[in-house]
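The values are calculated or read from the model by the stated rules, or taken from the named source; none is laboratory data. Note that this is a predicted model, so its numbers are computed, not measured. With ideal geometry, Cβ positions are generated from the backbone for all residues, glycine too; neighbour counts draw on all protein chains shown. What goes into the accessible areas is simple: the full protein's heavy atoms, side chains included, and nothing from ligands, DNA or RNA. Shrake-Rupley method; radii C 1.70, N 1.55, O 1.52, S 1.80 Å.
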Amino acid sequence: MQTRIIIIDDHQLFREGVKRILDFEKDFEVVAEGDDGSEVIDLVEEHQPDVVIMDINMPAVNGVEATKKLVEVNPDAKVIILSIHDDETYVTHALQTGARGYLLKEMDADALIEAVKVVAEGGSYLHPKVTHSLVKEYRRLAAQGQSSSYPHEPIEIRRPLHLLTRRECEVLQLLADGKSNRGIGEALYISEKTVKNHVSNILQKMNVNDRTQAVVVAIKNGWVEVR
């Protein structure tokens with residue numbers, strides 16, 4: 001079945017670029033477009049998309065506010081926020097209001113496609129750079145004693161060789177460093193396809209749904225460094 005997508009962004013040129021990327025995927029179909037968050041509820045009701053991709057900054061109703069209103073009337077809505085902001089405050093706010101994904105507009109085509117696939121399947125997806133920012137903030141709060149679920153003492157890094165191969169441990173560390181698949185491939189001198197295979201194996205072995213969960217679990221267990 002095709003993944004039905006709505007794109008909402010007030011910059012027509014950018015919106016057309018996103019649509020063009022998605023149209024190259026045979027399993028994707030862009031069923032509608034809009035230029036303001038005020039349109040999202042009506043567009044979703046009319047077109048019944050699997051995923052909504054929405055800009056965070058729009059003139060009348062911004063993406064976060066629109067996501068909150070949409071989720072209130074349609075709790076199963078799957079929204080990916082597009083943003084130029086990598087600050088954890090923006091990300092946290094977006095996720096708290098119901099967004100399933102958060103992408104920076106500096107993303108490459110592969111990240112956009114991967115995000116849509118993950119979110120359509122019920123997972124969550126954060127831009128690698130955003131994931132790293134959130135992890136660092138999480139650790140900062142933990143050090144201040146504001147997170148009871150996170151150890152306060154320095155953690156001895158112990159690679160999970162009981163669970164992952166050495167190469168998968170390297171990939172997991174680079175995920176925690178905020179590297180994209182392309183960045184991981186360049187760092188390890190392997191192809192992006194090989195990276196994707198390693199990431200899939202990591203998620204399966206760690207029994208998590210997406211990269212973000214994998215990084216959080218790894219941080220909690222002292223399997224990766226936050227650097």
#### Entry: Selection from region 14-51 of residues that are among the polar types (S, T, N, Q) and within 24 Å of ILE84 (Cα to Cα)
SER38
### Message
List pairs: first residue in region 168-182 and over 15 Å from GLU192 (Cα atoms), second residue in a helix (DSSP H, G or I) and modelled with pLDDT of 85 or more anywhere in the structure, Cβ distance under 7 angstrom, at least six positions apart or on different chains.
### Response
ALA176/ALA218
### Summary
Among helices (runs of 4 or more DSSP H) completely within region 175-227, the ones holding 3 or more residues that are open to solvent by 50 Å² or more (accessible area, probe 1.4 Å) and closer than 24 Å to GLU88 by Cα are 211-221
### Query
Picking from LEU112, LEU70, LEU164, which residue would you name as being within 24 Å of LEU188 (Cβ to Cβ), modelled with pLDDT of 85 or more, among the aliphatic types (A, V, I, L, M) and over 18 Å from the mean Cα position of the chain (by Cα)?
LEU164
### Message
Any residue that is open to solvent by less than 50 Å² (accessible area, probe 1.4 Å), among the aromatic types (Phe, Trp, Tyr) and touching a residue at least 12 places away in the same chain (Cβ under 8 Å) - is there at least one of those in region 87-104?
### Response
yes
### Query
Can you tell me which residues in region 82-135 are closer than 21 Å to ILE219 by Cβ, among the hydroxyl-bearing types (Ser, Thr, Tyr) and assigned to a loop (DSSP other than H, G, I, E, B)?
SER124
### Residues that are open to solvent by 80 Å² or more (accessible area, probe 1.4 Å) and at pLDDT 70 or above, drawn from region 119-160
GLU121, LYS129, ARG158, ARG159
### Task
Report, ordered by the first and then the second residue, all pairs with beta carbons closer than 8 Å, sequence separation of six or more or different chains, a first member in region 52-65 that is outside the structural domain of GLU33 (by the TED database), and a second member that is open to solvent by less than 10 Å² (accessible area, probe 1.4 Å).
none
### Query
Considering region 197-227 alone, what residues qualify as being at negative phi, touching a residue at least 24 places away in the same chain (Cβ under 8 Å) and not hydrophobic (A, V, I, L, M, F, W, C)?
HIS198, ASN201, LYS205, ASN209, ASP210, ARG211, THR212, GLN213, LYS220, ASN221, GLU225, ARG227
